[in-house]
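Asker: Let me begin by handing over the structure; questions about it come next.
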Amino acid sequence: MAESPPTALSAATVPRHIAVIMDGNGRWARRRSLPRHAGHRAGVKAVRETVENAAKHGVDYLTLFAFSSENWQRPREEVSKLMGLFVEALRREVAELHRNNVRLRFIGARDQLDAKLIDKITAAETLTADNTGLNLQVAVAYGGRWDIVEAARTLAARVDAGDIRQDDIDEEAFAAELQLADVPDPDLLIRTGGEHRISNFLLWNLAYAEIWFCDVLWPEFGEPEFESALGFYAQRQRRYGHTGEQLEAVKC
Ligand code: IPE
Ligand code: IPE
Ligand code: MG
């Protein structure tokens, strides 16, 4: 049988779950002498394209970092414009996402958001709950440490209530209380904007993710960059602590 060309990505080499730290909006705007907010606005287009690209390449789960726990510390005007942009983006994009069979969910400290945004989020989640295409998670007011502390709190309360015993707490029980409890761990993390750090994203879930950093600023992240990330991922050998030789032996 003829071998597939080296550039072709077989289903097995496409990550099941991609997480993205969408960074660089502010710098994109500054380079054009525009206010930072213009960069966030331009970033919405890159979100739309990335969702389309993920669905097109057969990715099952896509998780986007839109606003971190720490981003509350930004100037009040930037935060309030960003929150307004989230409401507007939901108003504009949800019908199309629904038509494309996308299941949309939000993770993060929802109670910290404005009532109007919470309403839009809840409506979008309800509308798309039974969709069977791409699972799209958007992290807003999310922090990896917050997520872990919330899980610990829930487990402690369950022990207090006599629902479980302290000994029942293992990695599986802990993971089941995290925001992405029913989502497989990300296989690939993409960070745009040139920084090489995790910035308090999915600290627990990224334990074994392959990480692809690129210098492109988020508003300019398009299909060529997405495909470069897939190409990088397809060439990784995921060892999970084993040796390369062990994995080669299993293949034979
Ligand atoms: C990422 O872009 C978007 C958010 C964090 C909300 P930035 O706003 O961090 O852009 P830079 O890093 O300042 O260029
Ligand atoms: C990470 O970007 C958060 C999001 C992309 C939402 P930041 O721009 O906030 O990260 P730092 O501050 O440079 O680490
Ligand atoms: Mg940034």
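Asker: For a quick check of your reading of the model, give me the residue pairs whose first member lies in region 71-90 and is part of a helix (DSSP H, G or I), whose second is away from ligand 1 (no atom under 11 Å from the Cβ) and hydroxyl-bearing (Ser, Thr, Tyr), with beta-carbon atoms closer than 7 Å and at least 6 apart or on different chains.
Answerer: none
Asker: Right, next: Report, by residue number, each residue of region 207-217 that is within 16 Å of ligand 2 (Cβ to nearest atom) and out of contact with any Lys or Arg (no Cβ under 9 Å at 6 or more places or on another chain).
Answerer: First pass over region 207-217, keeping only residues within 16 Å of ligand 2 (Cβ to nearest atom): 209, 211-217.
Selection gives Ala209, Asp215, Val216.
Asker: Moving on to the next point. Please count how many residues of region 15-40 are open to solvent by 10 Å² or more (accessible area, probe 1.4 Å), more than 10 Å from ligand 2 (Cβ to nearest atom) and in a loop (DSSP other than H, G, I, E, B).
Answerer: 5
Asker: If you check Asp182 against the conditions, is it more than 13 Å from the chain's Cα centre (by Cα), more than 25 Å from Glu52 (Cβ to Cβ), more than 16 Å from ligand 1 (Cβ to nearest atom) and free of Cβ contacts under 8 Å to residues at least 12 places away in the same chain?
Answerer: No, not satisfied.
Asker: Can you pull out every residue in region 228-245 that is without any contact (Cβ under 8 Å) to a residue 60 or more places away in the chain, surrounded by 11 or more Cβ atoms within 10 Å (Cβ to Cβ) and not basic (Lys, Arg)?
Answerer: Ser228, Phe232, His242 - these are the residues of region 228-245 that are without any contact (Cβ under 8 Å) to a residue 60 or more places away in the chain, surrounded by 11 or more Cβ atoms within 10 Å (Cβ to Cβ) and not basic (Lys, Arg).
Asker: Out of all the residues in region 151-166, which are in a loop (DSSP other than H, G, I, E, B) and open to solvent by 90 Å² or more (accessible area, probe 1.4 Å)?
Answerer: Asp163, Arg165
Asker: Can I ask one more? What number of residues within region 112-141 satisfy the criterion of being more than 14 Å from Met83 (Cβ to Cβ) and not in a loop (DSSP other than H, G, I, E, B)? Step through it out loud before you land on a result.
Answerer: Keep residues of region 112-141 that are more than 14 Å from Met83 (Cβ to Cβ), which gives 122-137, 139.
Filter again for not in a loop (DSSP other than H, G, I, E, B), leaving 122-128, 135-137, 139.
Matching residues across region 112-141 total 11.
Asker: Next up: If you check Phe232, Phe201, which single one turns out to be aromatic (Phe, Trp, Tyr) and assigned to a loop (DSSP other than H, G, I, E, B)? Step through it out loud before you land on a result.
Answerer: Values: Phe232 fails: assigned to a loop (DSSP other than H, G, I, E, B).
Unique residue meeting the criteria: Phe201.
Asker: Can you pull out the residues in region 208-222 that are in contact with an Asp or Glu (Cβ under 7 Å, 6 or more places away or on another chain) and either in a loop (DSSP other than H, G, I, E, B) or more than 22 Å from Val183 (Cβ to Cβ) (or both)?
Answerer: Selection gives Tyr208, Ala209, Cys214, Val216, Trp218, Gly222.
Asker: What's the number of the only condition in (1) surrounded by fewer than 18 Cβ atoms within 10 Å (Cβ to Cβ); (2) aromatic (Phe, Trp, Tyr); (3) under 25 Å from His17 (Cβ atoms) that Trp72 fails to meet?
Answerer: (3)
Asker: Whether any residue in region 51-59 is touching a residue at least 40 places away in the same chain (Cβ under 8 Å), surrounded by fewer than 20 Cβ atoms within 10 Å (Cβ to Cβ) and within 16 Å of ligand 1 (Cβ to nearest atom) is what I want to check.
Answerer: no
Asker: Turning to a different aspect of this structure: Output the number of residues of region 188-206 satisfying the condition of being of a type outside the set (A, V, I, L, M) and either away from ligand 2 (no atom under 16 Å from the Cβ) or surrounded by fewer than 16 Cβ atoms within 10 Å (Cβ to Cβ) (or both).
Answerer: 6
The values are calculated or read from the model by the stated rules, or taken from the named source; none is laboratory data. Computed from a predicted structure; not experimentally measured. When we count neighbours, we look across all protein chains shown, and the Cβ atoms used for this are built from the backbone with ideal geometry, even at glycine. Accessible surface areas use protein heavy atoms only, side chains included; no ligands, DNA or RNA. Shrake-Rupley method; radii C 1.70, N 1.55, O 1.52, S 1.80 Å.
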